[in-house]
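Peer 1: Just passing along the structure, written as structure tokens.
Values in this text are rule-based calculations from the coordinates and carry no lab data. Not measured: the values here are computed from a predicted model. Cβ atoms come from the backbone with ideal geometry, glycine included; neighbour counts cover every protein chain shown.
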Amino acid sequence: MAQQANGAVPMMAANGTTAINTAANYRQAWIGALTASAGAQTAPQTAWRSGVFGSTSVTGVNGNIPMDLQVNQTVSASQGVLINAGNALIGRTGTAAGPYLANWNASFTMSMDANPTSNPRIDVVYAQIVDAAISDTGTQGAQITYVDGTPAASPVAPSIPTGAIPLAQILRPTFASNGNSNNITSAQITDVRKSASTFGGVRCLLPGDANADPGAYLGETTYDGVTSLKSGLRVWGADGKWHGVGNRPFDQPTAASDSTHIGFGNTYNVGTLTIPDPGFAYRIEAVGECFVQNNSANPTQLSVVDGLIIVGATTYARNRTPLVAGATYNSYLEVCLTSSPVFTGSQTVVFQILNPNTLQYIDALPTSQWFQFRVVVIPVPA
């Protein structure tokens, strides 16, 4: 006996002239077939990853961050917020529910309630679907609105309706501490948008996404433009983990600065670089080179105490013997890290040198030094 599908679209009645599809058919059989689930699931798919579809973007400090449905300060700070145009997927549960698509095709300003008088509070801006067919009450359709938090010495974000997706949290100080003003500034807005995606597409992560969020299906690919990672692609593997795609080189950190000399037997951190959590397992490859000098005829030497340090872990460094270059008061040192254990989460790498002399200090850094410090993150394959 044949098993009928939950929905098939577009369909006509047997007479070939009468449309028979319901809105639920379109949600479940069309939108549901094209959009990713809410985390790794086994069939049947009963929930969908609600969030914002990333399309338009602006070059941020560390990458391209989609602007869709982003909540911002108005051009001149006011008691409202400016919300960008964009599209969202809002999943609802139930027999007649499913994933809804919502579109706001122009930016708009939304007024907010006044600041509290006694304690600060946190307000939440969110998008929701109201559908009487699944027993919702209120104005039918999709809407962006907000809910005020409860004022408290240590305020927390309030809950939002079931099925709604949060877009931003807004800290509302007391009226007096806000300069006797109800204005909302950029510093008070926290972006909490999460991303949605279609099957087979690259999902551009948003500030509300967490590295621990599971993939929706085998081979799902995400792009991280929020952190300082280069080429921030990762893929969801059969082992139920994220795996990076391609090596990630990091820019050289700003030269360390110290107004004092490196004294006898003292160490000095030439450069420090922190790797943000990439959301997958990785190894580190690093090279540090340093050239220093002093202003006397006494020989200058550099050696490695710890060399390249991975903070919080065992030190792994392979050293090359310090070389005396040119005049006796110049010294060159190179250290390289070519093999490391597997790491997860954020790690900090430090290039540290030692003045082993018992007679001579080394001039202040970086006024009389040259250094290079290169770090590469190498994803661990599945």
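Peer 1: Output the Cα-based Rg and Dmax of the stretch 101-198 in Å, rounding Rg to one decimal and Dmax to a whole number.
Peer 2: For the stretch 101-198, the Cα radius of gyration and maximum Cα-Cα distance read 15.0, 47 Å.
Peer 1: Between Val202 and Ala152, what's the calculated FRET efficiency when r is the beta-carbon distance and R0 is 41 Å? Round to 0.05. Don't skip to the end; give the middle numbers.
Peer 2: Working: r = 41 Å, r/R0 = 0.99.
Working from the Cβ atoms, E equals 0.50.
Peer 1: Do me a favour and compute the ellipsoid semi-axes for the stretch 84-151 from its Cα gyration tensor, root of five times each eigenvalue, largest one first, whole Å. Show your work: numbers first, answer last.
Peer 2: Working: eigenvalues 148, 53, 19 Å².
Calculated on Cα positions only, the semi-axes equal 27, 16, 10 Å.
Peer 1: Hey, for a label at Ser55 modelled as a point 7 Å past Cα toward Cβ, could you say which residues of the stretch 102-141 have their backbone N under 20 Å away?
Peer 2: 102-109, 127-129
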